[in-house]
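The values are calculated or read from the model by the stated rules, or taken from the named source; none is laboratory data. Because the structure is a prediction, the values reported are computed rather than measured. Glycine also receives a Cβ, built like all others from the backbone with ideal geometry; neighbour counts cover every protein chain displayed. These area figures cover heavy atoms from the full protein model, side chains too; ligands, DNA and RNA do not enter into them. Shrake-Rupley method; radii C 1.70, N 1.55, O 1.52, S 1.80 Å.
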Amino acid sequence: MHPVAERAVPSPEQAAQALRALPDWEGARLFLEIVRRGSFRAAADYLHLSVNALRRRFTMFEEQLGMILLTRHTDGIRLTSEGELVLPAAERMEAASFDFARAWGQASQLSGEVRLAITEGLGTFWIAPRLVEFQRAHPSLLIDMRCAMAPVDVLRLEADIAIQILRPEAKDLRMVKLGRMHAMPFASKEYVATYGSPRTQEELQNHRIVLQRADQVTSDENFKLLFGNRTQQGIVTVRSNVSSAHLSAIAHGAGIGWLPTYAPEITSNLVPVDLPFVVSSDIWLTYHPDGNKIQRVRRLIDWTIDAFSPKTFPWFRDDFVHPRDLPIAALGYWPSGSRFTKTSA
């Protein structure tokens with residue numbers, strides 16, 4: 001029999017040395033993102049890095065490999081023949097890292113961290129106040145809540161759970177329709193006292209408007225439906241990119257703007273403007289196919305479904321319920337601050 005050193009199978013020491021010589025996963029991850037985004041600038045924006053920092057780190061990765069993976073062109077990047085060989089291996093590394101992350105998460109059970117991605121308005125005004133009760137029931141869990149309008153990639157584990165108002169397109173995702181959000185025009189009491197409340201689309205032409213421009217929001221399209229080809233200047237007083245600033249501007253009298261029908265639960269200074277123009281969007285909960293196998297993730301999924309229950313919170317029904325009708329339509333649940341207390345029949 002040949003000694004170990006002469007056989008094709010490497011010794012444990014040789015295998016360990018080979019593994020230590022391999023570049024780390026971080027470099028392969030950068031490589032994948034550059035290829036997927038099509039340019040260094042797009043990848044840098046996605047990774048929240050400067051372009052120069054991304055170039056330096058990727059150059060170090062190529063130097064570790066001893067080969068050039070990409071060539072730069074005016075219209076983006078192109079894979080070299082070496083890059084085409086490395087790309088599928090990097091994708092397998094990514095898949096293996098996801099398997100490792102899931103295995104680690106399952107071992108943690110109800111202690112550890114759950115990452116929740118949610119649109120900024122729903123996260124700030126609806127979920128955050130209610131997470132207190134969830135945390136009290138599960139004090140060993142840390143809820144890492146990312147409030148942003150840009151959807152996240154749950155399949156690639158950018159979050160354990162995502163709540164958004166655009167239907168996800170990925171086929172392998174698990175999806176639950178939580179309810180339907182209806183947005184209607186609101187104004188502050190002071191605004192209405194000063195400028196009045198329009199009752200028709202024609203009357204609205206003489207009022208001031210507040211818009212939100214962000215992912216998953218169609219305010220620019222809605223403006224065109226109402227005002228045609230008129231420029232926003234002279235009509236729009238404030239345009240913001242987040243729901244908190246949008247609501248604050250309306251509540252402080254900047255103009256009329258569209259808000260979810262639960263907005264009066266947030267501040268008592270808002271009054272609905274009765275115009276026949278309601279914008280409705282389904283609310284979607286998405287999670288990785290293996291997410292419900294992790295106990296702490298499953299627990300947050302179940303709690304989230306209850307937190308948007310249309311039976312308890314009628315503004316999430318498929319049919320539009322006007323805010324003035326909510327106490328009657330709440331089926332025994334009356335507004336009290338930011339909570340619902342059940343009244344006797």
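The table that follows gives values for the structure above.
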| quantity | calculated |
| --- | --- |
| Some residue of region 170-178 being open to solvent by less than 20 Å² (accessible area, probe 1.4 Å) and in contact with a strand residue (DSSP E or B) (Cβ under 6 Å, 6 or more places away or on another chain) | yes |
| Residue in region 250-267 that is surrounded by fewer than 17 Cβ atoms within 10 Å (Cβ to Cβ) and either touching a helix residue (DSSP H, G or I) at 6+ places or on another chain (Cβ under 6 Å) or under 30 Å from Arg102 (Cβ atoms) (or both) present | yes |
| Strands (runs of 3 or more DSSP E) enclosed by region 68-162 - at least 3 residues per element that are within 30 Å of Ser240 (Cβ to Cβ) | 112-118, 141-147 |
| Residues located in region 60-79, provided they are open to solvent by 30 Å² or more (accessible area, probe 1.4 Å) and farther than 20 Å from Glu94 by Cα | Glu63, Gly66, Met67, Ile68, Thr71, Arg72, His73, Thr74, Asp75, Ile77, Arg78 |
| Subset of region 221-275 (residues that are free of Cβ contacts under 8 Å to residues at least 60 places away in the same chain, out of contact with any strand residue (DSSP E or B) (no Cβ under 7 Å at 6 or more places or on another chain) and not in a loop (DSSP other than H, G, I, E, B)) | Glu221, Lys224, Leu225, Leu226, Phe227, Ala245, Ser248 |
| Selection from region 183-224 of residues that are open to solvent by 90 Å² or more (accessible area, probe 1.4 Å) and within 27 Å of the chain's Cα centre (by Cα) | Arg213, Glu221, Lys224 |
| Helices (runs of 4 or more DSSP H) wholly inside region 8-54 containing at least 2 residues that are open to solvent by 30 Å² or more (accessible area, probe 1.4 Å) and modelled with pLDDT under 80 | 12-21 |
| Count of region 289-312 residues which are open to solvent by 20 Å² or more (accessible area, probe 1.4 Å) and either closer than 28 Å to Gln232 by Cα or not β-branched (Val, Ile, Thr) (or both) | 13 |
| Output for region 173-211, where each listed residue is among the aliphatic types (A, V, I, L, M), in contact with a helix residue (DSSP H, G or I) (Cβ under 6 Å, 6 or more places away or on another chain) and under 15 Å from Leu270 (Cα atoms) | Val210 |
